[in-house]
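What follows is calculated from the coordinates using simple rules that are stated; it is not laboratory data. Source: prediction; values computed, not measured. Here the Cβ is made from the backbone with ideal geometry for all residues, glycine too, and neighbour counts use every protein chain on show.
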Amino acid sequence: MKKRCNSNYQSGISIVIVLFLLVVVSGLVISITQLTGTQHINTVFSHRSAQSYFAARAGLDYVISRVVNGNGCVIDSPLAIAGYDVTVSCALVGTYNEGNTAAPYSVYSLAARASGGSLSLPDFANRQVRATVRYP
C-alpha cells in the first residue's frame, strides 16, 4: 500500500497559527493602551498636586506677610490663586514674655488649604500647609 502525500491534510494548521498570533498581538495592543492611559492620569495627578501645593504655599505666605506687617489675624479668606480656592486660617496661640528685659512676642498658628478641580474627575487636587510664626 502506497501513501500519498497530500497537502490537504495540513491546510487547517495555518488558520490556527494566524488566529493565535492575532490574539497575542491584540492582547499586547490592549495592554499598551491601558498602560499609556494610566501614565497620563498619573501625570495629571502629579501636575495638579504640585500646583495645589504651591497655591497653598502662596496662601500661607500671604498670611505670614499679614502677621509680620502687624495686621495680626485679620485675613481676607477665601482667596483665589491660579484657579484654586485657597482657604487660610490664623490663630493667636499666645503672647509670651521670657524675662524682665525681653520684649513680649506673640505666637501664631497659620494654615492654608488649596483645592481645585472637580472631585469626580482626575484633575481634583487638595493640599494643606501649616506654619507657626513668632512676631516680633
Fill in the blank from the handout: Here region 40-52 yields Karplus 3J(HN,Hα) values (6.51, -1.76, 1.60; θ = phi - 60°; whole Hz; Gly and Pro given as x) of 5, 5, 5, 5, 4, 4, 5, 5, 5, 5, 5, 4, 5
Fill in the blank from the handout: When Val23, Val67 are ranked with the fewest other C-beta atoms within 10 Å first, the list becomes Val23, Val67
Practice task
Can you tell me the equivalent ellipsoid semi-axes for the chain? Use √(5λ) from the Cα gyration tensor, largest first, whole Å.
Solution key: 70, 15, 8
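Quote the FRET efficiency, to the nearest 0.05, computed for Gln39 versus Leu119 with a Förster distance R0 of 22 Å and r equal to the Cβ-Cβ distance. Each step should come with its number before you reach the end.
Details: r = 22 Å, r/R0 = 1.02.
Result of the calculation: an efficiency of 0.45.
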Exercise for the section: Can you find, among Ala58, Ile81, Val24, the residue farthest towards the positive end of the dipole of region 7-135? Put +1 on the C-beta of Lys and Arg, -1 on that of Asp and Glu. Expected result: Ala58
